[in-house]
1. Can you confirm whether region 110-117 contains a residue that is within 30 Å of F227 (Cα to Cα), surrounded by fewer than 18 Cβ atoms within 10 Å (Cβ to Cβ), within 19 Å of the chain's Cα centre (by Cα) and not assigned by TED's automatic domain parsing to the domain that holds T394?
2. Taking L84 and the conditions (1) at pLDDT 90 or above; (2) closer than 24 Å to A159 by Cβ; (3) touching a Leu at 6+ places or on another chain (Cβ under 7 Å), which numbered condition does it fall short on, given that it satisfies the others?
3. Checking G405 against (1) surrounded by 23 or more Cβ atoms within 10 Å (Cβ to Cβ); (2) over 30 Å from E136 (Cα atoms); (3) free of Cβ contacts under 8 Å to residues at least 60 places away in the same chain, which single condition isn't satisfied?
4. With (1) surrounded by fewer than 24 Cβ atoms within 10 Å (Cβ to Cβ); (2) closer than 23 Å to G423 by Cβ; (3) modelled with pLDDT of 85 or more; (4) not aromatic (F, W, Y) as the list, and G354 as the residue in question, which single condition is left unmet?
5. Which members of region 12-31 meet the condition of being surrounded by fewer than 23 Cβ atoms within 10 Å (Cβ to Cβ) and over 18 Å from G63 (Cα atoms)?
6. Would it be correct to say that G436 is in contact with an Asp or Glu (Cβ under 9 Å, 6 or more places away or on another chain), under 26 Å from L234 (Cα atoms) and either buried (at least 18 other Cβ atoms within 10 Å of the Cβ) or of a type in the set (A, V, I, L, M) (or both)?
7. Yes or no: G148 crowded, with 18+ Cβ neighbours inside 10 Å, modelled with pLDDT under 90 and under 15 Å from A15 (Cα atoms)?
8. Of these, V369, V362, which one is modelled with pLDDT of 85 or more, aliphatic (A, V, I, L, M) and surrounded by 20 or more Cβ atoms within 10 Å (Cβ to Cβ)?
Amino acid sequence: MNSNDRAITALVMVAHAAVHTYEMTVPIFILSWLVEFDQLALGVWTVPVTTATVGAVVTVSYGLFGVGALPGGILVDRLGSRRLIATCLFGMGLSYLLLGVAPSMLVVAAALVLWGIAASVYHPAGLSLISKGVKERGTGLAYHGIAGNLGIGLGPLTAAVLLLVVDWRTVALVLGAPALLAALYAVRADFDETAAVSATPAPDGGTEEAGKKSSKAESGVDSLGEFLGESKRLLASTFALVFVIVMCSGLYYRGILTFLPELLQDLPGFEPVAAGSLLPESVRSLLGVPTEGGQQLEPATYFYSGLLLVGVLGQYAGGKLSDRVPIEYGIAGAFATLAVLAVLFVPVTGLGLGPLLALGLVLGVALFVVQPLYQAAVAEYTPAGTRGLSYGFTYLGVFGVGALGGGIAGTILEFGSTALLFGTLAAFAGVASLVGLVLARQRAG
């Protein structure tokens, strides 16, 4: 990677890790909010703070995170990635500082809404910056994905460890400060945002430079009419097939992860374990820790965290693959692998802990291999000037439509069976794999 590639990659790695650190730390705070706050005052209405209330507030925050990606993509094309990433980091840091001084549940809700709005612009901004500014795009996507996975896995772990010694407000303040420093770096960093766009293929088989003549590829959209026109152009092009792929990816991702810890808890080898039972007798006696009772360790939680962390390997592998194999065949193969893993999951749970751990390792890698691949596909099938809009649609599909995966999974588990759930997930992956083959055939033709 050249110096421009490295400067951009460093910025997006920091920002991506921050986005997912804050996203996954929110659930760590929920128990503290339930204990500390009794009511949520909404003007003339006052509602009790319950799991349902907090869940609704968090859902609004996460919903804004997904829905805001589309207008965020439009802003990226008009204002550039650097400004949007700096604004995102500043907004997220400010939201956590506000969270750290929140005197009521209403202020907590306001802080979470601010986080959702600020974070929503990151993915179209960051990925647009990589696609237009990094010449070794696949490698940049790989490092970008690795940073995101580290934020997903290590961010909430850091928060949990800090909560052992300080309260949740102090943790929020500590976590908020680095984002403000990163925002300053985003403003001052020296790089060219468009260093890699001159010879990138456009959807019609030409180059993006040629594509500027027939699309708003130079400066994005200026009005509602142009937004509708460019959206129609994108969705009437081959990008529509890429959009199907990202929706399937989001449905699979949320569908398999939302209830995985709960599913694992009922399996042999995942029963809660008393922390004291893991210590030597001499240490237990010295510390006065009981063998039974006391703090419980949840093996399912650690399996889940480990699965997310090994996704670092998948992100790296997917990024490298996108530089070395045709994107379309990479997508077809990666999603076919996810389909097979979904089909195998239920039978493997009956074979014992060892085979299930092995399957979990492969699943954790495969689940994240697909992300750099479809991110690269968006860059391949869209013009540079509407790249932000394209990634806005992409993450509307991944986080917006994909969020339905959790509801689908919950409904199937309530009225159907675990086997039906994983069969449905295999179908989502199978559709994405087939669409990848269609893309490959169209390009070859």
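The values are calculated or read from the model by the stated rules, or taken from the named source; none is laboratory data. Keep in mind the model is a prediction, meaning the values are calculated, not measured. All Cβ positions, even for glycine, are placed from backbone atoms using ideal geometry, and neighbour counts span all protein chains on display.
1. Scanning region 110-117 turns up at least one residue that is within 30 Å of F227 (Cα to Cα), surrounded by fewer than 18 Cβ atoms within 10 Å (Cβ to Cβ), within 19 Å of the chain's Cα centre (by Cα) and not assigned by TED's automatic domain parsing to the domain that holds T394.
2. L84 satisfies every listed condition except (2).
3. Condition (3) is where G405 drops out.
4. (2)
5. Passing the criteria: M13, V14, A17, I28, F29, L31.
6. Numbers: in contact with an Asp or Glu (Cβ under 9 Å, 6 or more places away or on another chain): yes; under 26 Å from L234 (Cα atoms): yes; either buried (at least 18 other Cβ atoms within 10 Å of the Cβ) or of a type in the set (A, V, I, L, M) (or both): yes.
So G436 fits the description; yes.
7. Numbers: crowded, with 18+ Cβ neighbours inside 10 Å: yes; modelled with pLDDT under 90: yes; under 15 Å from A15 (Cα atoms): yes.
The answer is yes for G148.
8. Numbers: V362 fails: surrounded by 20 or more Cβ atoms within 10 Å (Cβ to Cβ).
Selected residue: V369, the only one of V369, V362 that is modelled with pLDDT of 85 or more, aliphatic (A, V, I, L, M) and surrounded by 20 or more Cβ atoms within 10 Å (Cβ to Cβ).
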